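To start, the structure under review is shown below, and the notes come after it.
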Amino acid sequence: MNDKVKIYLARMYEFINDALEICNVENNDYDKILSNKKNQLAITMCLSQIGEFANAIRKIDETVYRKYHFNEPKGMRDRIIHGYGKIDFDIVRETLKQDLPQLKKIIEENVDKKILDDPYKFYDKFL
């Protein structure tokens with residue numbers, strides 16, 4: 001896996017952690033989380049950014065994109081951005097509960113901790 005892809009994964013990791021932190025603050029009460037407009041906006045922004053980085057990875061390494069099914073976060077991003085306010089929060093709930101923890105684990109297994117801890121330190125070096 002090339003270094004640029006690792007940096008993009010580290011940036012995805014930041015947005016995953018941001019979304020999961022919102023859930024943790026509310027003790028993972030997804031009904032409560034998703035009934036709050038600020039949470040909805042923050043979480044959908046995180047999901048959109050994760051999808052943007054997935055798309056950036058596709059442009060660099062199609063094999064990684066396919067191997068880790070990054071078409072799914074890219075598709076989520078497209079639905080959020082182009083859905084014109086019609087977001088299915090049942091899908092968002094399942095993404096928060098299942099998909100983001102799995103994606104976080106995949107990233108942790110493939111990217112050095114020093115990059116995950118501070119991707120900006122390596123950003124200019126690789127991009």
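Every number here is computed from the coordinates shown, using simple stated rules; none is lab data. Computed from a predicted structure; not experimentally measured. As a convention, Cβ positions derive from the backbone with ideal geometry for all residues, glycine included, and neighbour counts pool all protein chains shown.
Where does the chain land on Rg(C-alpha)/(2.2 N^0.38 Å)? Can you show the working numbers first?
Numbers: Rg = 14.4 Å, N = 127, 2.2 N^0.38 = 13.9 Å.
This ratio for the chain stands at 1.04.
What order do you get for TYR68, TYR120 when you list them from fewest to most C-beta neighbours inside 10 Å?
On the way: TYR68 18, TYR120 11.
With the fewest neighbours first, TYR68, TYR120 line up as TYR120, TYR68.
Give the angle, between 0 and 90 degrees and rounded to the nearest 10, that separates the Cα long axis of helix 100-110 from the longest principal axis of the Cα atoms of the chain.
Computed tilt is about 10 degrees.
In degrees, nearest 10, range 0 to 90: what is the angle between the Cα axis of helix 37-60 and the longest Cα principal axis of the chain?
Once rounded, the angle reads 30 degrees.
Relative to the present Cα-Cα distance, how much length would full extension add between LYS97 and TYR120 at 0.36 nm per residue of separation? Before the final figure, lay out each step's value.
Values: separation 23, 0.36 × 23 = 8.28 nm, distance 2.78 nm.
5.5 nm is the gain from fully extending LYS97 to TYR120.
Between GLU109 and ILE60, what's the calculated FRET efficiency when r is the beta-carbon distance and R0 is 22 Å? Round to 0.05.
Values: r = 19 Å, r/R0 = 0.87.
For R0 = 22 Å, the calculated efficiency reads 0.70.
Expressed in nm to one decimal, what extension gain is obtained for the pair GLN40 and HIS82 from 0.36 nm per residue of sequence separation less their Cα-Cα distance? The partial results should precede the final answer.
On the way: separation 42, 0.36 × 42 = 15.12 nm, distance 1.60 nm.
Full extension of this stretch gives 13.5 nm more.
Helix-only estimate, please: 222 nm mean residue ellipticity of the chain, summing -39500 (n - 2.57) across DSSP H runs of length 4 or more and dividing by its residues, to the nearest 500. Please list the in-between numbers first.
Details: 9 runs with 101 residues, N = 127.
Here the helix-only value at 222 nm equals -24000 deg cm²/dmol.
What is the fewest-to-most order of SER35, SER48 by other Cβ atoms lying within 10 Å of their Cβ?
Numbers: SER35 12, SER48 17.
Least crowded to most crowded, the residues run SER35, SER48.
Take the cross-link list LYS37/LYS86; LYS6/LYS74; LYS59/LYS113 and give me the ones stretching past 22 Å between alpha-carbons. Show your work: numbers first, answer last.
Values: LYS37/LYS86 14 Å; LYS6/LYS74 17 Å; LYS59/LYS113 24 Å.
In this structure, LYS59/LYS113 exceed 22 Å between Cα atoms.
Check each of the trypsin sites (Lys or Arg not before Pro) in the range 4-98 and keep only those in coil by DSSP with at most 15 other C-beta atoms within 10 angstrom; list them in order. Don't skip to the end; give the middle numbers.
Numbers: sites: LYS4, LYS6, ARG11, LYS32, LYS37, LYS38, ARG58, LYS59, ARG66, LYS67, LYS74, ARG77, ARG79, LYS86, ARG93, LYS97; in loops: LYS86.
Passing both the DSSP loop test and the Cβ count: LYS86.
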